[in-house]
1. Mind listing the phi-derived Karplus ³J(HN,Hα) values for the range 19-31, rounded to whole Hz, using 6.51, -1.76 and 1.60 with θ = phi - 60°, and x for any glycine or proline?
2. Keeping all protein chains in place and using 1.4 angstrom, which order do Phe130, Phe196 fall into by accessible surface area, from largest down?
3. For Val104, what residues show an amide H to amide H distance below 5 Å, using hydrogens built from the backbone and excluding near sequence neighbours?
4. Taking the Cα centre of each part, how many Å lie between the range 64-114 and the range 202-226?
5. If each residue of separation counts as 0.36 nm, what is the full-extension length gain between Ala222 and Lys185 once their alpha-carbon separation is subtracted?
6. Within 12 Å, Cβ to Cβ, of Gly138, how many net charges do the neighbouring residues add up to if Lys/Arg are +1 and Asp/Glu are -1?
7. If only Cα atoms are counted, what is the Rg of the range 165-217, and what is its Dmax, in Å?
8. What's the local net charge at Gln172, with K and R +1, D and E -1, over the other residues with C-beta under 14 Å away?
Amino acid sequence: MGKILFLHGYTQSGPLFSRKSAALRKALLKHGFAASYPTAPIKLALPDSADPEERAELEGQGIDDDSYGWWVKDEEKQEYVGIDKTWAFLAEYIKKEGPFDGTVGFSQGAALAGMLCSQLTKIVPDHPPFKFAVVYSGFRSPLPQHNYIYTPLISTPTLHVLGSLDTVVSEQRSKTLIDACEKDKRVVYIHPGGHFVPSSREALNTVTGWILTTLEASKAQADAVNDDDGWESDFDNIGGGNL
């Protein structure tokens, strides 16, 4: 049916996220969807100068020599370091690998997916808006300089998947992104697990079913617009505009 852009979480990579979301990827493949897994442009390598204690702390955060991020938050300066590099990277990647029907993001990748729904047609003007976004453990950027991204509210249909046992991204934090999406276009699904992409039959059926239903609604809306345009055109051709 189409292509979906998968955006991995902080400290992950495209290939790693492909493995961690294999059940979802295979379920979508059965419906004709191809998945693309870019790796973020910011490498989070362990510094050679790190002492054993520092290395242990970084490894505890999941950072190793094959870790990447879409940005690194500078707590002191309150900024997302590297996000401009990410926007440039995604613009080229989407031009080359797209077009994409929608996006699936996890954690930091889910936060990015929300931002991308808002900014897609600005960074890739020839690309149509996403028809859907599935965000696992997502959150809104808390930085004031990013408020423009969420104003107006995100209009892309969104499915927010939260883990009831998630201790990395709390439900309260995920709610910041939920509230940044139009109310009548957002759905929330909570699975009984932690900070991961659930692979249970119920979770897979919920996500794939929502994507298919959302795409059908999008197609029906587009067909209705086309029918209206055709009717007006035919009406003009028979002189209806002169009645």
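1. Whole-Hz 3J(HN,Hα) from phi for the range 19-31: 6, 6, 10, 4, 4, 5, 4, 5, 5, 6, 4, 4, 9.
2. Sorted by accessible area, descending: Phe196, Phe130.
3. Leu5, Phe6, Leu7, Val134
4. One Cα centre to the other: 26 Å.
5. Numbers: separation 37, 0.36 × 37 = 13.32 nm, distance 1.65 nm.
Extra length available between Ala222 and Lys185 comes to 11.7 nm.
6. It works out to a net charge of +1.
7. In Å, with Rg to one decimal and Dmax whole: 12.5, 35.
8. On the way: positive: Arg140, Arg173, Lys175; negative: Asp166, Glu171, Asp179.
With Lys, Arg at +1 and Asp, Glu at -1, the net is 0.
The values are calculated or read from the model by the stated rules, or taken from the named source; none is laboratory data. All values reported here derive from a predicted model rather than from experimental measurement. Using ideal geometry, Cβ is built from the backbone for each residue, glycine included, and neighbour counts are taken over all protein chains shown. The area values use the complete protein model at the heavy-atom level, side chains included, leaving out ligands, DNA and RNA. Shrake-Rupley method; radii C 1.70, N 1.55, O 1.52, S 1.80 Å.
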